[in-house]
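Notes follow once the structure below has been shown.
The values are calculated or read from the model by the stated rules, or taken from the named source; none is laboratory data. Just so it is clear, the model here is predicted, and its values are computed rather than measured. No Cβ is skipped: glycine too gets one built from the backbone with ideal geometry, and neighbour counts run over all protein chains shown.
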Amino acid sequence: MKHLPIRSSLTALAVAAAFVGGPAQAEDPIRIGGIYLMSGSAAAYGEFAQQGATLAIKEINESGGVLGRQIEATFEDGQGKAAVAIQAARKLVYQDKVDALMGLDSSGVAQGLVPVLPEMGKPFMITHAATPDVTGKLCNKYTYRLSVNVDQNMAGAAAIAADSGATKWTTIGPDYAFGHQTWEFFGKYLKAQKPDVVLMQDQVAFPRFGAEDFTPFINSVMDAKPDGVMISLWGGDLVNFVRQANDRGFFKQGFQVLVAVGAATEVLAALGDQMPEGVWLGTRYWYDSWDNPMNDKFVKAYKAAYGTPPSYNAEGAYMGIHTFKAAIEKAGSTDSDAVIAALSGLTVQAPTGELTFRKGDNQALIGPTWGLTGPMNTADKVRSLTQVHDFDGKKITPPVNPACKL
């Protein structure tokens, strides 16, 4: 895998005309600002996002740009902290003069940043962070999300769990919004389908994000003897957890295991065959489950550029750039109000098929993918997924939260 610097201005792409046979653009470039995790245990997520965005910018610029202008992107490290992300957003808007913002890997960071976006007046596209709040009670006209949220993901997870035969469930998840909301929505949807299931209260485990030793939490869940476990750890935390859980025999206890975002290729590439077979993994996008020209082109180009299959974070950032392209072209300008109006109800083509932003809350109508881990894909060096379920976003997305007032 090629590694990119933590902070990068893709100005070289604006000069790419020299390599594609045309002169540099006379007009100023369209500037996009990205805020992702680029340090710490989840830094691979930011790296994959930057790669996906870079690929989209290259494609667009080589095809003539947007309204005759090239695209540039500047990336900032949000460090998984709301205060840092807010500072980064203000820098991008006021100093770097970006026309639009995108990013965020952490639900907690999203909860902190979204309420201050109106003061900056720029459209923000969330490509990863999953808390329902930012297209719910914290929604505003500046915030859009093209990726699967916790509500959508857990509706799919509950359908898998309901068919599993497990009746007593517990969880292991990070001790912030994503972990707690994953358990909340999983329980809500599972209870609706299987009223007799038991959702443990005292035998749940919420280690802090970035914890290094998961052994006490692994032991406590094993001692509780559940039938099923919903795991919402992610990034480096999930990698460390799986390795430590293997040492403890966690995956040999006979209970059903669902991992909310386990089919992230960042995680699967790091684990290789240490990720056990027979585990249900969820993801916002699985590169091998969509058969359409855009996905074929994206996967082929990404593998050629970076030597690894794209993750859902790479696809999200890739689509963030393409979505802004579509909205700017529809608006006929980069004026923020015009772009925001163009984004409302917009339908674009994505590697996952047709993608529509709902007017009531700016949430994309998109469903998760769930699959059961199978043999190693030796070519891509990750576990394959079997029994793949691509859930229909139009059917699985709940109604607009009445608390959302755009």
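Among the residues of the stretch 90-126, just one is among the hydroxyl-bearing types (Ser, Thr, Tyr) and in a loop (DSSP other than H, G, I, E, B), namely Ser106. Taken over the stretch 143-175, the residue count meeting the criterion of being surrounded by 24 or more Cβ atoms within 10 Å (Cβ to Cβ) and farther than 25 Å from Gly278 by Cα is 5. Among the residues of this structure, Val239 does not count as one that is of a type in the set (A, V, I, L, M, F, W, C) and touching a strand residue (DSSP E or B) at 6+ places or on another chain (Cβ under 9 Å).
Regarding the stretch 301-315, can at least one residue be identified that is of a type outside the set (Ser, Thr, Tyr), touching a helix residue (DSSP H, G or I) at 6+ places or on another chain (Cβ under 7 Å) and assigned to a strand (DSSP E or B)? Checked the stretch 301-315: no residue is of a type outside the set (Ser, Thr, Tyr), touching a helix residue (DSSP H, G or I) at 6+ places or on another chain (Cβ under 7 Å) and assigned to a strand (DSSP E or B).
When Pro351 is tested against (1) touching a Lys or Arg at 6+ places or on another chain (Cβ under 7 Å); (2) in the same structural domain as Ala53 (by TED's automatic domain parsing), just one condition goes unmet, and that condition is (1). Consider the stretch 251-261 and keep the residues that are closer than 21 Å to Gly165 by Cα and touching a residue at least 12 places away in the same chain (Cβ under 8 Å). The one that is nearest to the chain's Cα centre (by Cα) is Ala260.
Considering the stretch 81-101, the residues that are within 24 Å of Asp237 (Cα to Cα) and hydrophobic (A, V, I, L, M, F, W, C) include one that is surrounded by the most Cβ atoms within 10 Å (Cβ to Cβ), namely Ala85. Against the criterion of being among the small types (Gly, Ala, Ser) and either modelled with pLDDT of 95 or more or not assigned by TED's automatic domain parsing to the domain that holds Val348 (or both), Ser147 qualifies.
For the stretch 189-203, name all the residues that are within 27 Å of Thr397 (Cβ to Cβ) and in a strand (DSSP E or B).
The initial filter retains those residues of the stretch 189-203 that are within 27 Å of Thr397 (Cβ to Cβ), namely 189-197, 199.
Within the stretch 189-203, just Leu199 meets the criteria.
The residues on offer are Thr308, Thr283, Thr265, Thr323, and the sole one that is farther than 17 Å from His128 by Cα, touching a residue at least 60 places away in the same chain (Cβ under 8 Å) and β-branched (Val, Ile, Thr) is Thr308. Among the residues of the stretch 363-393, those identified as touching a Leu at 6+ places or on another chain (Cβ under 8 Å) and either modelled with pLDDT under 95 or part of a loop (DSSP other than H, G, I, E, B) (or both) are Leu365, Ile366. Going through (1) on the phi > 0 side of the Ramachandran plot; (2) touching a helix residue (DSSP H, G or I) at 6+ places or on another chain (Cβ under 9 Å) one by one, Gln70 falls short only on (1). Residues in the stretch 204-221 that are in a loop (DSSP other than H, G, I, E, B) and exposed (fewer than 15 other Cβ atoms within 10 Å of the Cβ): Arg208, Gly210, Glu212, Asp213.
Table: residues versus (1) of a type outside the set (Phe, Trp, Tyr); (2) buried (at least 16 other Cβ atoms within 10 Å of the Cβ); (3) in the same structural domain as Ile57 (by TED's automatic domain parsing).
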| position | (1), (2), (3) |
| --- | --- |
| Ala327 | yes, yes, yes |
| Gly332 | yes, no, yes |
| Ser336 | yes, yes, yes |
| Leu346 | yes, yes, yes |
| Asp380 | yes, yes, no |
| Asp392 | yes, no, no |
| Asn401 | yes, yes, no |
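The listed residues are Ala159, Ala129, and the only one of them that is in a helix (DSSP H, G or I) and among the hydrophobic types (A, V, I, L, M, F, W, C) turns out to be Ala159.
Quick check on Ile35: is it in contact with a strand residue (DSSP E or B) (Cβ under 8 Å, 6 or more places away or on another chain) and either buried (at least 20 other Cβ atoms within 10 Å of the Cβ) or not aromatic (Phe, Trp, Tyr) (or both)?
Values: in contact with a strand residue (DSSP E or B) (Cβ under 8 Å, 6 or more places away or on another chain): yes; either buried (at least 20 other Cβ atoms within 10 Å of the Cβ) or not aromatic (Phe, Trp, Tyr) (or both): yes.
Answer is yes for this residue.
When residues in the stretch 222-233 are screened for being more than 25 Å from the chain's Cα centre (by Cα) and either closer than 23 Å to Trp370 by Cα or surrounded by fewer than 16 Cβ atoms within 10 Å (Cβ to Cβ) (or both), 4 of them pass.
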